Amino acid sequence: MSRSFDGRIVVVSGAAIGFGRAIAETFAARGAIVHGCDVRAPELTALAAATGAWTSVVDLTDRNAARAWIAGVEADAGRAVDVLVNNAGGVAGQAHAPIETVSDADWDRVLEINLGAAMALSRACVPGMKAAGAGAIVNIASGAAFKASLTGVQAYCAAKHAVLGLTRQLCHELGPFGIRVNAVAPGFVRSNEAAERQWAGYSPERQRQIVEGVALRRLGAPQDIANAVAFLASDKASFISGEILSVNGGH
Ligand SMILES: NC(=O)c1ccc[n+]([C@@H]2O[C@H](COP(=O)([O-])OP(=O)(O)OC[C@H]3O[C@@H](n4cnc5c(N)ncnc54)[C@H](O)[C@@H]3O)[C@@H](O)[C@H]2O)c1
């Protein structure tokens with residue numbers, strides 16, 4: 001494995017399980033000093049033990065906590081964050097409900113995790129990146145950033161569409177400072193227990209349709225997503241910004 005991120009400070013939100021865990025492992029294996037946060041303490045402890053990553057329990061719906069986490073990372077490192085991966089997200093345990101029954105609290109929570117957290121962490125990392133004249137931000141969007149979500153959760157689909165807007169706007173705002181902003185849009189991956197429950201909720205016919213809707217006729221794995229994130233964050237992508245890279249086996 002190449003040590004292409006040797007000594008770089010890489011921050012990953014939602015690092016405890018699924019894509020976030022694979023992303024944290026991938027950067028750590030390439031020599032990065034990885035800082036991961038999540039609300040899942042035991043899984044963060046497991047990540048730290050397996051990779052040497054620094055981990056913190058942070059609820060990213062609390063924007064002050066998000067800001068304080070990045071300030072702590074910068075203080076520990078003695079310098080700016082090199083790479084920010086806004087991975088925390090998901091449907092917060094929700095399933096489709098008719099729009100007329102969706103509560104404000106459920107709507108707000110999904111927006112906070114998928115969009116608000118990405119804004120708050122970007123806002124916190126950018127001053128250091130600007131001072132350094134370099135940085136890379138990779139946002140995790142979704143196939144639901146382009147069309148209706150398999151989950152049926154309206155707030156999730158709306159938030160992931162908005163993540164593309166945030167990516168494109170920040171690309172232009174931050175490009176003059178040497179900061180690149182891109183997104184990865186994963187297709188459906190059986191990445192954790194929630195995704196397994198979602199998959200199990202589909203009939204065999206629906207499962208077959210989903211797989212047959214993929215050109216490669218299989219679902220992806222968390223490592224497929226992590227590889228794309230590592231590429232966009234790397235020097236090999238030094239002239240790529242504002243791009244949305246679908247990692248979905250071909251749709
Ligand atoms: N699994 C898929 O099929 C799929 C497809 C497209 C996009 N995505 C997106 O990829 C990302 C990772 O998805 P996943 O399937 O690996 O896991 P996930 O969607 O279940 O959750 C991601 C991580 O975010 C953490 N998190 C949730 N709320 C948080 C909060 N308030 N503060 C801090 N951390 C919090 C979770 O604990 C989890 O570790 C998410 O943004 C998700 O929306 C997933």
- [ ] State whether the range 120-220 is rounded, prolate or oblate according to the following rule on the C-alpha gyration tensor (a ≥ b ≥ c being the square roots of its eigenvalues): a/c under 1.5 gives rounded; otherwise a/b larger than b/c gives prolate, and the remaining case gives oblate.
- [x] prolate
Open item on the list: Can you classify the range 165-213 as rounded, prolate or oblate using the Cα gyration tensor, where a ≥ b ≥ c are the square roots of its eigenvalues, rounded means a/c under 1.5, and otherwise it's prolate if a/b beats b/c and oblate if not?
Closed with: prolate
- [ ] Residues in the range 123-165, backbone N under 15 Å from the label point at residue 209 (7 Å along the Cα-to-beta-carbon vector): list them, ranges by number please.
- [x] 148-152
Open item on the list: Before I look further, what does the chain give for accessible area per residue, probe 1.4 Å, in whole square angstrom?
Closed with: 46 Å²
- [ ] Give me the percent of the accessible area of the chain that comes from carbon and sulfur atoms, probe 1.4 Å, all protein chains in place.
- [x] 55 percent
Task: Normalised contact order of the chain, rounded percent, pairs of Cα under 8 Å and 6 or more residues apart - done: 19 percent
Open item on the list: Between 0 and 90 degrees, rounded to the nearest ten: what's the tilt of helix 117-132 against the longest Cα principal axis of the chain?
Closed with: 20 degrees
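Taking the Cα centre of the range 67-215 as origin, work out the dipole magnitude from +1 charges on Lys and Arg Cβ and -1 charges on Asp and Glu Cβ, in debye rounded to 20.
Dipole size: approximately 380 debye.
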Task: For residue 11, residues with placed amide H under 5 Å, excluding near neighbours - done: 35, 83, 84, 85
Task: Set of lysines with alpha-carbon distance to residue 160 below 17 Å, sequence-local pairs under 8 removed - done: 147
Task: Dipole axis of the chain (+1 Lys, Arg; -1 Asp, Glu on Cβ), positive-most option in 19, 184, 71 - done: 184
Open item on the list: Can you classify the range 1-79 as rounded, prolate or oblate using the Cα gyration tensor, where a ≥ b ≥ c are the square roots of its eigenvalues, rounded means a/c under 1.5, and otherwise it's prolate if a/b beats b/c and oblate if not?
Closed with: oblate
Open item on the list: Let me spell out the model: positive unit charges on the Cβ of Lys and Arg, negative unit charges on the Cβ of Asp and Glu, origin at the Cα centre of the range 183-251. What dipole size does that give, in debye rounded to 20?
Closed with: 200 debye
TODO: Measure nothing but the geometry: give the 0 to 90° angle between the long axis through the Cα atoms of 63-77 and the longest principal axis through the Cα atoms of the chain, rounded to 10°.
DONE: 40 degrees
Open item on the list: Using a 7 Å offset from the Cα along the Cα-to-Cβ direction at both residue 202 and residue 41, what is the distance between the two label points in nm, to one decimal?
Closed with: 3.6 nm
TODO: Compute the long axis of helix 18-29 from its Cα atoms, compare it with the longest principal axis of the Cα atoms of the chain, and write down the angle in degrees, 0 to 90, nearest 10.
DONE: 30 degrees
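The values are calculated or read from the model by the stated rules, or taken from the named source; none is laboratory data. Remember, it's a predicted structure, so these values are computed and weren't measured experimentally. Heads up, the Cβs are rebuilt from the backbone with ideal geometry, glycines too, and the neighbour counts pull from every protein chain shown. We work out accessible area using only protein heavy atoms, side chains counted, and drop any ligands, DNA or RNA first. Shrake-Rupley method; radii C 1.70, N 1.55, O 1.52, S 1.80 Å.
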